[in-house]
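Everything below concerns the one structure shown next.
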């Protein structure tokens, strides 16, 4: 008979093993033994609950393999059968541990319609809130478990990452909304100092954490969730930047900005007032990243016309890649938009200058009444932009730039970047215009940074 050999858990890990609420979170700092706790708990469930169906997730395939597939193959040798093609361990008692990953936002959709008695989200802050909420739909009784087991989800995590905000809200701030119940959520904080194995065998790792810069040390060593490690737009605050929709005065100017590709369309309608404050009024996001059919160019152009109907648009702003001509047709996306009556203006493609422009527009300041505000305001109905802006991380390759992964959260901010950089480096329409269009040249009122440049309105 095969024997399962596991190391004795330490007290915080025992708390994690014994918790029975709907949502159980563990960790909060580096070196707390999170991955070991997650896969060990999954195995214990599989052995003790006949027929239980378990899903164990990491963000990427590489992380999944290194942290779980290889260790579980060693641990479960002669105990469970591993099937490489389906990436699952089958136990003699009918239990099953399925290993999965969600690199892209839409990868989580593959689990819709499936039922798992227990779901583990390893390094939960690397997952988006959309991925979390989608997975909750699959966390239900499989009907295969022969023992009484209430479906639940297990989480391990550190501060920072694209999912920092939703994890912090639920498990740290305990800020519950709608039908969320406080009694369903358990958080067990664990620090590296409680990991006796790591303290004894890897003292250099502990010293490395202790020597990190102050903010990073607070997050990684002590699990300080008020330090959002890696957050690019630390300026963003819902209280400052999100406002309820209102009727736009007729004399305000309208702008349209977009990020468009064959995988995703992110369109934004923005109104600018007399004080050069921008209000993001309406958004449209559709493509494979949110599980919808991508828009072909002609349909995208028609959608722009629909969103801007009845409004005098000062500029239709778009990134330079839309002027790249396709070899098979000799036409660019901008050419096809023009055929549909949408004349695009090319914005700057300087990413760093663009992101700095966004930071300027997001920078909080006190209004005449002493209340915090900013030059860029976002209507509450623009939910995708509100979700994506605070989750963007610094690039590992260029600390002045935004990370391009996960790609699915970059489209909406890229569209806004085009609008913000426009005021520092005005866009020019580089395609044929309508014959003799009426225009005049105006110097922007108090533009950000470079007031001597002019643009056509």
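From (1) in contact with a strand residue (DSSP E or B) (Cβ under 9 Å, 6 or more places away or on another chain); (2) farther than 15 Å from residue 149 by Cα; (3) modelled with pLDDT of 95 or more, pick out the condition that doesn't hold for residue 42.
Looking at each condition in turn, residue 42 falls short on (2).
Limited to the stretch 7-59, what total is found for residues that are in a loop (DSSP other than H, G, I, E, B), touching a residue at least 12 places away in the same chain (Cβ under 8 Å) and within 29 Å of residue 210 (Cβ to Cβ)? Walk me through how you get there before you give the answer.
Kept after step one, since they are in a loop (DSSP other than H, G, I, E, B), are these residues of the stretch 7-59: 7-10, 19-22, 28-33, 49-52, 59.
Remaining after also requiring touching a residue at least 12 places away in the same chain (Cβ under 8 Å): 7, 9-10, 19-22, 28-33, 49-52, 59.
Going one step further and asking which of them are within 29 Å of residue 210 (Cβ to Cβ), we end up with 7, 9-10, 28-33, 59.
So the count comes out to 10.
Yes/no matrix, rows are residues, columns are (1) surrounded by 15 or more Cβ atoms within 10 Å (Cβ to Cβ); (2) in contact with a strand residue (DSSP E or B) (Cβ under 9 Å, 6 or more places away or on another chain):
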position	(1), (2)
330	no, no
342	yes, yes
349	no, no
365	no, yes
368	no, no
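For residue 293, work out the one condition from (1) modelled with pLDDT under 95; (2) within 27 Å of the chain's Cα centre (by Cα); (3) crowded, with 16+ Cβ neighbours inside 10 Å it doesn't fulfil.
Evaluating residue 293 over (1) modelled with pLDDT under 95; (2) within 27 Å of the chain's Cα centre (by Cα); (3) crowded, with 16+ Cβ neighbours inside 10 Å leaves (3) as the failure.
Going by what's in this entry, would residue 120 be described as over 24 Å from the mean Cα position of the chain (by Cα), within 21 Å of residue 67 (Cβ to Cβ) and in a strand (DSSP E or B)? Write out each step before concluding.
Values: over 24 Å from the mean Cα position of the chain (by Cα): no; within 21 Å of residue 67 (Cβ to Cβ): yes; in a strand (DSSP E or B): yes.
Answer is no for this residue.
Within the set of pairs 6+ apart or on separate chains, which have a first residue in the stretch 230-244 that is under 19 Å from residue 163 (Cα atoms), a second that is at pLDDT below 85 and part of a helix (DSSP H, G or I), and C-beta atoms under 7 Å apart?
From the stretch 230-244, the pairs are 231/390; 233/390; 236/390.
Restricting to the stretch 389-402, give me the number of residues that are in a loop (DSSP other than H, G, I, E, B) and under 15 Å from residue 127 (Cα atoms).
Step one: filter the stretch 389-402 for residues in a loop (DSSP other than H, G, I, E, B), giving 392, 395-401.
Then keep just the ones that are under 15 Å from residue 127 (Cα atoms); that gives 392.
Count: 1.
The values are calculated or read from the model by the stated rules, or taken from the named source; none is laboratory data. Remember, predicted model here, so these are calculated numbers, not experimental data. FYI the Cβ positions are ideal-geometry reconstructions off the backbone, even for glycines, and counts take in every protein chain you see.
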